[in-house]
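Asks: Have a look at this one before I ask anything.
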Amino acid sequence: IRCWSNIPFITVPLSRAHGKSFAHRSELKHAKRIVVKLGSAVVTRGDECGLALGRLASIVEQVSMLQNQGREMMIVTSGAVAFGKQRLRHEILLSQSVRQALHSGQSQLKDMAIPVLEARACAAAGQSGLMALYEAMFTQYSICAAQILVTNLDFHDEQKRRNLNGTLHELLRMNIVPIINTNDAVVPPPEPNSDLQGVNVISVKDNDSLAARLAVEMKTDLLIILSDVEGLFDSPPGSDDAKLIDIFYPGDQQSVTFGTKSRVGMGGMEAKVKAALWALQGGTSVVIANGTHPKISGHVITDIVEGKKVGTFFSEVKPAGPTVEQQAEMARAGGRTLAALQPEQRAEIIYRLADLLTDQREEILLANKKDLEEAENKGRLALPLLKRLSLSTSKLNSLAIGLRQIAASSQDSVGRVIRRTRIAKDLDLEQVTVPIGVLLVIFESRPDCLPQVSALAIASGNGLLLKGGKEAAHSNQILHRLTQEALSIHGVRDAVQLVNTREEVEDLCRLDKLIDLIIPRGSSQLVRNIQKAAKGIPVMGHSEGICHVYVDTDASVEKVTRIIRDSKCEYPAACNALETLLIHRDLLRTPLFDQIIDMLRVEQVKIHAGPKFASYLTFSPSEVKSLRTEYGDLECCIEVVDSIQEAIEHIHKYGSSHTDVIITENEKTAEFFLQHVDSACVFWNASTRFSDGYRFGLGAEVGISTSRIHARGPVGIEGLLTTKWLLRGDNHVVSDFSEHGSMKYLHESLPLPQRNAN
């Protein structure tokens, strides 16, 4: 028994205990009972006469999908007035045309205008047609719908409220979608704004308040309010400084300015917020979102239920730290301050971080031990990922050395002049290097990535957002704290931010106004997901590391096994490890070939035979399922080629443009390979594992890029810089350079300033 306005009534218990709303968006996927409120602007056309059929069909499809997943869906809909207005206008025009035909002599009827249509009459004419449309649409998904019309009086009468409650529960039990609307044909004029004074009082005067009332009465898990704006803004939508509020908390409404209400309907955004807060207090989670945008309306409801960052989410739980949007703004401000420091000051920060990695190694390794123990206990990481997660004293020492290399090489990275041109007398142009802005680096099971990337961002003057995997949470926390400690020596602590909220990676990839470049560090699946999810933000990286080693007929016996062993076995989980070994056909059944196979067996490397290689063998290893496979473990594919040209064609067809190697003593053959293989890194008689920023002398890398613009291969400081143009003149205007002007273009190249010798 539950009390409402001091009147008890019986409700049917749900599987989820009601009374407390969801604290985070990620929990919305557990919502079982959901109310979807469709505002007038969502269901009606722009001319306010008739329904937006395509939009309505998409909404029905999403509701049906969720209903068929076992959820209990209810719709609170507008649209009867608009549908009725369309029908009545048609009838009036038809009636007028008949009268004009009968009374053709009475010219005064020809210009007769359509009278103003009363809303109640329109509702009466439109209700049946609206419901028939819903029934036809839901029938396509084998779902039955039922109509319920209510007024405010139905909630104030004990017996009527009992009946309504029982009817709705019975419909839900029978897997029927209730479609609820205010009975606008008999509804009284809007009452003064005397409602919403407390949890127990709310009058039904529009569909926002109706949806909120029903949501609480029915102990609904989630209320989705769809309107014609993206959600709640901190100032009227459309104004210059308006920002979408991701999460809205009770008490925040004093800081919000409300704009005008939508083009149609009874309630504005203020009414929606009041209704949402009332429902939230009653234990129902609420999201206000845009149901009219053509790019998102086709999946807005399902996106909300999946926990994606859509619209404004109402929550009673305020996070302890800043939101990710606030962190991005802090990183941008901190990055700009960082870029304005002297090069020696940025280097000093990196040197300090390098010292902290060695001075605090006991604390770092203790945190890393916690991560390893938790990962092993949960059994959620494969052995190669556990190796990536593990830190050691030698790893920390190598990190510190790499960071000192970055500090030493970063003295003239930001603000370096790379081109000078004299446009005309006293008009000089310079192109100088500048930071990209705010970087988002997403990494899995790689805590050592955090100080590396932080140092590169500091050296290049970029703000940085870091999103690490939860499997490395303890390690990332301590490493980020040390990074901020180093940044604090010059007052730029906020330039590097670690995202600790429950933010989904896909949501981060939508922050195109706050993030300038995304750099994923992790599995090929992670990179592909980020490339797919990124909305308007460039992604630097590679989706796969399918690296080849081609053994030529002129290869040295001594070099072959050493290079192959190092490429495959030194660190098989790395993206620059050998995955496919190409062997010239003439080397089959030779001592060199036998040595290669014996070495791989000793190292316990599982061999997969390519189609051509398998055809030469009576008893072959398992045939490869795909020649485009990144194993990331002690496995590799062996394939046979007839020539260097065929090897190159194979690499171009099945490779990932990462790193490819030739082993040969023939210089002409090697140079042909180096010039014709179109990969980011192409080596001669060297292990694939040299494809690394530290080994290249870059100090470290933010990743290896296989894209063909901006940066390619291991990306160090240079890859995190862009340029801007500085023009210094003296009262110059373009009209002076016209045909009859007084000035002429010179376009003379000027010498560059001397770079720092250090």
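The values are calculated or read from the model by the stated rules, or taken from the named source; none is laboratory data. Keep in mind that what you see is a predicted model, and the values were worked out from it rather than measured. For neighbour counting, all protein chains shown are included, and Cβ atoms are generated from backbone atoms with ideal geometry for every residue, glycine included. We work out accessible area using only protein heavy atoms, side chains counted, and drop any ligands, DNA or RNA first. Shrake-Rupley method; radii C 1.70, N 1.55, O 1.52, S 1.80 Å.
Asks: Near Lys625, which lysines are there with a Cα under 16 Å away, not counting those fewer than 8 places off in the same chain?
Replies: Lys606, Lys612, Lys653
Asks: Something else about it: Taking H as built 1.01 Å from N, whose amide H comes closer than 5 Å to the amide H of Val624, not counting residues under 5 places away?
Replies: Excluding prolines and chain starts, which carry no amide H, the hits are Ala609, Gly610.
Asks: Of the listed peptides 443-455, 489-501, what is their order by residue-averaged count of other C-beta atoms within 10 Å, with the highest listed first?
Replies: Numbers: 443-455: 25.5, 489-501: 20.9.
In descending order of packing, they fall as 443-455, 489-501.
Asks: With a 1.4 Å probe and every protein chain kept in, tell me what percent of the accessible surface of region 548-701 is carbon plus sulfur.
Replies: Values: 3300 of 6840 Å².
Roughly 48 percent of what the probe reaches on region 548-701 is carbon or sulfur.
Asks: How many angstrom lie between the Cα centre of region 582-615 and the Cα centre of region 639-670?
Replies: Rounded to whole Å, the Cα centres lie 16 Å apart.
Asks: Determine the calculated [θ] at 222 nm for the chain from helices alone, applying -39500 (n - 2.57) to every DSSP H run no shorter than 4 residues and normalising by the residue count; nearest 500 deg cm²/dmol. Before the final figure, lay out the partial values.
Replies: Details: 23 runs with 282 residues, N = 758.
Result for the chain: -11500 deg cm²/dmol, rounded to the nearest 500.
Asks: Just the number please: accessible area per residue for the chain, 1.4 Å probe, all protein chains included, in Å². Could the numbers behind the result be given before it?
Replies: Details: 34340 Å² over 758 residues.
It amounts to 45 Å² per residue over the chain.
Asks: Considering only DSSP beta bridges where both residues belong to the chain, give the percentage that are antiparallel (nearest 5). Show your work: numbers first, answer last.
Replies: Values: 28 of 93 bridges.
That works out to approximately 30 percent antiparallel.
Asks: Under 16 Å Cα to Cα from Lys219, which aspartates and glutamates show up? Leave out anything in the same chain fewer than 8 places away.
Replies: Glu72, Glu170
Asks: Here are some values of P(r) over Cα pairs in 20 Å bins from 0, in percent: [x] 14, 33, 30, 19, 4, 0; [y] 13, 38, 30, 16, 4, 0; [z] 15, 41, 34, 10, 0. Which one was computed from this structure?
Replies: For P(r) over Cα pairs in 20 Å bins from 0, in percent, the calculated option is [x].
Asks: Report, in listed order, any pair from Lys309/Lys535; Lys20/Lys378; Lys467/Lys724; Lys32/Lys308; Lys29/Lys308 with a Cα-Cα distance greater than 19 Å. Please list the in-between numbers first.
Replies: Numbers: Lys309/Lys535 13 Å; Lys20/Lys378 30 Å; Lys467/Lys724 29 Å; Lys32/Lys308 17 Å; Lys29/Lys308 10 Å.
Going by Cα-Cα distance, Lys20/Lys378; Lys467/Lys724 fall outside the 19 Å limit.
Asks: Related question: Please list 3J(HN,Hα) in residue order for region 487-496, calculated via the Karplus relation 6.51 cos²θ - 1.76 cosθ + 1.60 where θ = phi - 60°; whole Hz, with x for glycine and proline.
Replies: Listing the rounded values in order: 5, 5, 5, 10, x, 10, 4, 7, 5, 10 Hz.
Asks: What is the antiparallel percent of DSSP beta bridges lying wholly in region 329-479, to the nearest 5? It would help to have the intermediate numbers written out before the result.
Replies: Details: 6 of 12 bridges.
The antiparallel fraction comes to roughly 50 percent.
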